[in-house]
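The structure appears right after this line, and notes come after that.
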Amino acid sequence: MNSITQDDNEAQKKYEKYKSLDPFPEIKPALLNNADIIDYVVATGLICPFDIIDKKNIKPASIALKLLGKYVYWDEYGKKVNGTIEEGKEFILKQNTIAFVSLKEHIRLPYYIAARFNLKIDNIYRGLLLGTGPLIDPGFDAILSFPLHNLTKNDYVFIGGERIIWMEFTKLSVNQLWDKNDNSENHIRQGKYYIPINKHKYHNVQDYLNEAEKQRDVRSTLPDIIGEVKIFKKDINSILELFMEDIHKKVTRIKNIQYVYTIATIIGVSALIISVWSYQHALINGVESTIRVYYERISGELDSKIENENHAKQYLQMDEKIKELEKQLSELDKKKIIDLPVSKNKYPIKRK
């Protein structure tokens, strides 16, 4: 009598023998129940290793598989992080992160069986997403890995070896490639159909949320980011309005400067006045134009981005630009072209 093997080499030998030879042709093409799944695990090395004793690994039409092995993700600074999830050790899936993780079990699908999988229900109600198409075609012979999306505000802790997904198996319609008689071995049906007790103990969405995450709300990070960007944009617009208002006052003051000269003096120095006025007018227009272009560019960028990591940098860039423009105005004042009153920290730049 055969049994479920925990040895990967033995499971591989079974798979090579039965990947194109169906040991149970009497099982009709359909979504397999857990008794049929167990029979194929025993005969073909479908899943290895697998603990049939723990009934928490079995549902009527699916089998629980466990988190273990290699992982890869990129942190908030764009640095690639990889390592191995070990049995009983913690793995933290950080907020707003996509991590590529692996299963403990080696999956070997004969040519007549396909598989699908999805996250355990408590992981779904934590707000996690399984970022891949769940169909695995026949002939797959490897350790499965997949991306986990955590777009919530919470960090989630997983333990190496814990159940993370449920996998179902479907037998394909009959094909001559595997529809053969196997006279080499007497395959005795060993699987027993099992229905978990108290399967439907949750009745509404709040029950599921309470079971998945009792202490914290399951919230996306995106609304907070969008809100912060809107506040930031409003602050920047207020600062720019103050700055533009001050520039226009200075321009108006310069245009209203009255030079009291005699007619003879005006005639004598008219060429110099025209030259100076042209210079200051061009310079002031240049300053104003620079501010306007910078204002429009910042507004456009804020409309197209919602990434809060760049907020501090944008504040600093705005601060430097204002200092540069104030320096230009100060130079005009030193050359006696305009009368610029001393004003420190006039614009309320918020520095973090």
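Among the residues of region 78-121, the ones that are touching a residue at least 60 places away in the same chain (Cβ under 8 Å) and aliphatic (A, V, I, L, M) come to 9 in all. Within region 111-141, the residues that satisfy the criterion of being small (Gly, Ala, Ser) and at negative phi are 114, 115, 131, 133. The residues of region 97-136 that are under 19 Å from residue 61 (Cα atoms), in contact with a Pro (Cβ under 9 Å, 6 or more places away or on another chain) and either surrounded by fewer than 17 Cβ atoms within 10 Å (Cβ to Cβ) or not assigned by TED's automatic domain parsing to the domain that holds residue 13 (or both), listed by number, are 116, 118. For the structure I just gave you, tell me whether residue 75 is surrounded by 12 or more Cβ atoms within 10 Å (Cβ to Cβ) and of a type outside the set (Ser, Thr, Tyr). Against the criterion (surrounded by 12 or more Cβ atoms within 10 Å (Cβ to Cβ) and of a type outside the set (Ser, Thr, Tyr)), residue 75 does not qualify.
The rows are residues; the columns are (1) surrounded by 21 or more Cβ atoms within 10 Å (Cβ to Cβ); (2) outside any helix (DSSP H, G or I); (3) out of contact with any Lys or Arg (no Cβ under 6 Å at 6 or more places or on another chain).
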site: 6; (1), (2), (3): no, yes, yes
site: 16; (1), (2), (3): no, no, yes
site: 21; (1), (2), (3): no, yes, no
site: 29; (1), (2), (3): no, yes, no
site: 37; (1), (2), (3): yes, no, yes
site: 40; (1), (2), (3): yes, no, yes
site: 43; (1), (2), (3): yes, no, yes
site: 52; (1), (2), (3): no, yes, yes
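If you check 191, 139, 161 for being among the small types (Gly, Ala, Ser), surrounded by 15 or more Cβ atoms within 10 Å (Cβ to Cβ), assigned to a loop (DSSP other than H, G, I, E, B) and modelled with pLDDT of 95 or more, only one passes: 161.
Taken over region 96-136, the residue count meeting the criterion of being part of a loop (DSSP other than H, G, I, E, B) and either over 26 Å from residue 43 (Cβ atoms) or charged (D, E, K, R) (or both) is 8.
Quick grid of which residues meet (1) among the acidic types (Asp, Glu); (2) at pLDDT 95 or above; (3) in the same structural domain as residue 167 (by TED's automatic domain parsing):
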residue	(1), (2), (3)
23	no, no, yes
36	yes, yes, yes
48	no, yes, yes
53	no, no, yes
89	no, yes, yes
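The values are calculated or read from the model by the stated rules, or taken from the named source; none is laboratory data. Note that the structure is a prediction, hence the values are computed from the model and not measured. Because the Cβ atoms are built from the backbone with ideal geometry, glycine has one as well, and the counts that use them run over all protein chains shown.
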